[in-house]
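Only one structure is covered here, and it is reproduced in the block below.
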């Protein structure tokens, strides 16, 4: 990988990793359970999603696990987008969609060398 894409992949991995670590950690607070309950989910689901986001954030920072972390965080972001749409929070869908796109840019940047790109 040349220097440009390598630098971009690391910047993206660090920014996304920090974002998912912070978002996940926030779901362990006492405010997250009632928020998830208002969306129709069990309060414990906030802790589950938070744990997935924290683990995914860590995984994004380790080159060998980046692509696995992207696959694990994808359903979380799709679920977040669905939740916002289903609860009439239309413009809130933009955040998970933007993060989903950035995750898959990182997936592409961290593809194995020698892989055929389409």
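Which angle between 0 and 90 degrees, to the nearest 10, do you get for helix 3-26 versus the longest principal axis of the chain when only C-alpha atoms count?
20
Once you keep just the Cα pairs under 8 angstrom separated by 6 or more residues, what percentage relative contact order results for segment 3-109?
Working: 119 pairs, mean separation 28.3, N = 107.
Contact order relative to length: 26 percent.
Expressed as a fraction of 2.2 N^0.38 Å, the rule-of-thumb size for a compact globular protein of N residues, what is the C-alpha radius of gyration of the chain?
On the way: Rg = 15.3 Å, N = 118, 2.2 N^0.38 = 13.5 Å.
Normalised by 2.2 N^0.38 Å, the Cα Rg of the chain equals 1.13.
How much mean residue ellipticity at 222 nm does the chain get from its helices, if each DSSP H run of length 4 or more adds -39500 (n - 2.57) and you divide by all residues, to the nearest 500 deg cm²/dmol?
-24500 deg cm²/dmol
Return one number: the angle in degrees, 0 to 90 and rounded to the nearest 10, between the long axis of the Cα atoms of helix 94-109 and the longest principal axis of the Cα atoms of the chain.
30
For the chain, find the longest principal axis of its Cα atoms and tell me its angle to the long axis of helix 44-61, 0 to 90°, nearest 10.
Taking Cα atoms only, the helix is inclined about 10 degrees.
Using 0.36 nm per residue of separation minus the Cα-Cα distance, give me the extension gain between residue 85 and residue 18 in nm, one decimal.
Length gained between residue 85 and residue 18: 21.6 nm.
Fully extended, how many nm does the chain gain between residue 28 and residue 107 (0.36 nm per residue separation, minus their Cα-Cα distance)? If you can, show how the numbers build up before the last one.
On the way: separation 79, 0.36 × 79 = 28.44 nm, distance 2.75 nm.
Stretched out fully, the residue 28 to residue 107 stretch lengthens by 25.7 nm.
Taken together, the values in this text are just the output of simple stated rules run on the coordinates, not laboratory data. What you see is a predicted model, and the numbers here were worked out from it, not measured in a lab.
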